[in-house]
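Please read the structure below before turning to the comments.
Bear in mind that the values in this text are calculations on the coordinates, not laboratory data. Computed from a prediction, not measured in an experiment: that's the story for all the values here. Note that each Cβ is placed from the backbone with ideal geometry, even for glycine, and that neighbours are counted across all protein chains shown.
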Amino acid sequence: MSKIKFVIKRNGVEVPFTPLRITNAIYRSAVSVGGRDKERAEFLSSEVVKCLEEKIEPGYKPNIEEVQDAVEKILIENGHAKVAKAYILYREEAARKRRKAGNDSSRPSEKIPWAKIWSKLDWAVTHDLHTVEALNKRLRNGEVRDVISASEDAYEGDVASAAKLITERAGNLKMVIVTGPSSSGKTTSTIKIEQRLRERGLKFKPINIDHYFFNLEMHPKDEFGDYDFETPQALDLKLINEHLVDLCDGKSVKIPYYDFKTGQRTLNHSDFSLEKGEILLIDSLHGLYPAMTEGIPDEQKFKTYLEPLLQMKDSDGDYIRWTDVRMIRRMLRDSVQRAYNPQQTLEHWHYVRNSELRHIIPYINTTDYIISSAMPYELAIYRHRLLDKFAEWVEIFQGDPLKEDAFTRASRIYNFLKEIDPIEDDSPVPTDSVLREFIGGSIFSY
């Protein structure tokens, strides 16, 4: 039993001291540089606790910086320089983000697709769907079907443009990658892109990257002890890259099989190869992550990025955040398809978002085309499904120092959802809509 009972967060809040968080942080850093020894991570974590206990008086409550300093010290003293470097870099990156959040900087981010956003904002203004008030006005005027039709047409236009660009480059392509953060609509969009390309005479063969997950016990965990499937290091990136290179060179490979029920992977499970003229089709959360396809020349890859680039302001003049839209989508999808409690999605979303900001968003401008999957009317579809839940979460998380992020997100979403007029009948939503991936009723199999 540790002598340390509490630690002090950067905002001054006192929270229980949990050595498991140190173990997970060390293991995550090890995984990022190719290590997967959990027993070693547990040993080093215990050494960190000893280091802290040797320096404190009974009842002393160390702050987060002191704990992180001790982690760095133990890693270096025990000969884990690479892991220490990864940990230090992550710590510095987090500090930089905090400083940036505290500065009023007008410098635009290179990670934001400004031209695409501008085109979507122009569309929203033109269709009078750029504010919650404007959306409500159109819904109250009986224009529900018109709003749905216009939104779907805009998305389909993006899909068509991506297919056109792929067709123009088809002679040199070995693979088409459809990627984007969680619940951006990758699966539906992949199906739609493939349909359009087959109509143009192109032949595709999908490869399921999920079969390249490491065995579950080798995954890093989050703060709550849940296995983290969001990080690219949960995947065998080296093997993926090797297989993709071989496939592009016309060779046959034996792909693994991952059993999600047991969390175990079987290597060399089944033969896989490309026929003459076939192009690989990859639907992956981390399709832009360099290590996954680093052996393939850029001219042989077409990368399509998905994001619900909603351009709508609430009554306070704040733009509704894309990450909030995607979190709602994932809540609805996982509650139906995976029997996953929506509250769990909310509580763990800051880990999803952190992984996106580290491993997906930095590469957004390396993509060849961006598709916006946002449907301005989708918020009205979600209102009656989740408004009461968000009101409940605001109440139960208020004042809980361990659930600050969940409270902030729940409050923000509750405040804009309650302003929106609900669409309770979703029958006007097309059965092939990208939203059906999340609300159910799709003609596609997921």
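Label sites at SER161 and ARG96, each approximated as a point 7 angstrom past Cα along Cα to Cβ, lie 3.1 nm apart.
Considering the zone a paramagnetic label at LYS205 would reach in this model (a point 7 Å from Cα along the Cα-to-Cβ line), which residues of region 264-279 have amide N under 17 Å from it? So the set is 268-279.
For region 6-101, the equivalent ellipsoid derived from the alpha-carbon gyration tensor has semi-axes of 21, 18, 11 Å in decreasing order.
Using helices alone, what [θ] at 222 nm do you get for the chain, with -39,500 (n - 2.57) per DSSP H run of 4 or more residues, divided over all residues and rounded to the nearest 500? Before the final figure, lay out the partial values.
On the way: 15 runs with 218 residues, N = 446.
It comes out at -16000 deg cm²/dmol, rounded to the nearest 500.
Taking amide H as placed 1.01 Å from N in the peptide plane, the amide H of SER373 sits under 5 Å from that of GLU307, LEU309, each at least 5 places away or on another chain. Spin-label model, ASP425 to ASP69: label points 7 Å out along the Cα-to-beta-carbon direction sit 6.6 nm apart. Of all DSSP-defined beta bridges confined to the chain, some 40% are antiparallel rather than parallel.
How much length is gained on full extension from THR262 to PHE6, taking 0.36 nm per residue of separation minus their Cα-Cα distance? Please report the intermediate quantities before stating the final value.
Working: separation 256, 0.36 × 256 = 92.16 nm, distance 3.60 nm.
Once the chain is fully extended between THR262 and PHE6, it gains 88.6 nm.
Counting every pair of alpha carbons in region 247-296, the share spaced more than 12 Å apart comes to 74 percent.
How would region 175-276 be classified by its alpha-carbon gyration tensor: rounded, prolate or oblate, with rounded meaning a/c under 1.5 and the a/b versus b/c comparison settling the rest? Taking the square roots of the gyration eigenvalues as a ≥ b ≥ c, region 175-276 is oblate.
I'd like the distance separating the alpha-carbon centroids of region 15-94 and region 217-265, in whole Å. After rounding, the separation between the Cα centres reads 26 Å. Per residue, the convex hull spanned by the alpha carbons of region 265-402 comes to 197 Å³. Couplings 3J(HN,Hα) for region 257-272, derived from phi with the Karplus relation 6.51 cos²θ - 1.76 cosθ + 1.60 (θ = phi - 60°), are 10, 10, 9, 5, 6, 9, x, 10, 10, 10, 7, 6, 7, 8, 6, 8 Hz, where x marks Gly and Pro.
Applying 1/(1 + (r/R0)^6) with R0 = 51 Å to the Cβ-Cβ distance of THR366 and GLU42 gives a FRET efficiency near 0.85. Shape summary: region 112-220 maps onto an equivalent ellipsoid whose semi-axes, from the alpha-carbon gyration tensor, are 33, 21, 14 Å in decreasing order.
Structural descriptor for the chain: relative contact order 18 percent, calculated from alpha carbon pairs under 8 angstrom and at least 6 residues apart.
Please give the charge dipole size of region 151-234, origin at the Cα centre, charges +1 on K and R Cβ atoms and -1 on D and E Cβ atoms. Round to the nearest 20 debye.
On the way: 11 positive and 14 negative charges, 166 e Å.
Dipole size: approximately 800 debye.
For LEU281, the residues whose amide H sits under 5 Å from its own are VAL176, LYS205, ILE207, ignoring neighbours fewer than 5 places away on the same chain, with H placed 1.01 Å from N.
Sort 355-364, 322-331 for me by packing, meaning the mean count of neighbouring Cβ atoms within 10 Å per residue, highest on top.
Numbers: 355-364: 18.7, 322-331: 22.1.
Ranking, from highest mean packing down: 322-331, 355-364.
In a solvent-free Debye calculation with one equal scatterer on each Cα, what is log10 I(q)/I(0) for region 131-439 at q = 0.07, 0.09, 0.10, 0.12 Å⁻¹, listed in the order of the q values? Results for region 131-439 at q = 0.07, 0.09, 0.10, 0.12 Å⁻¹ read -0.30, -0.49, -0.61, -0.86. Using a Debye calculation, one point per C-alpha and no hydration shell, please list log10 I(q)/I(0) for region 329-446 at q = 0.15 Å⁻¹ in order. Log10 of I(q)/I(0), two decimals: -0.83.
Working ranking of peptides 268-275, 281-288, 159-166 by packing, defined as the average number of other Cβ atoms within 10 Å per residue, highest first, is 281-288, 159-166, 268-275. Between HIS269 and GLU395, the simple spin-label model (points 7 angstrom out along Cα→Cβ) gives 4.5 nm. With 0.36 nm allotted per residue and the present C-alpha distance subtracted, the GLU278-ASP122 stretch has 52.4 nm of extension available.
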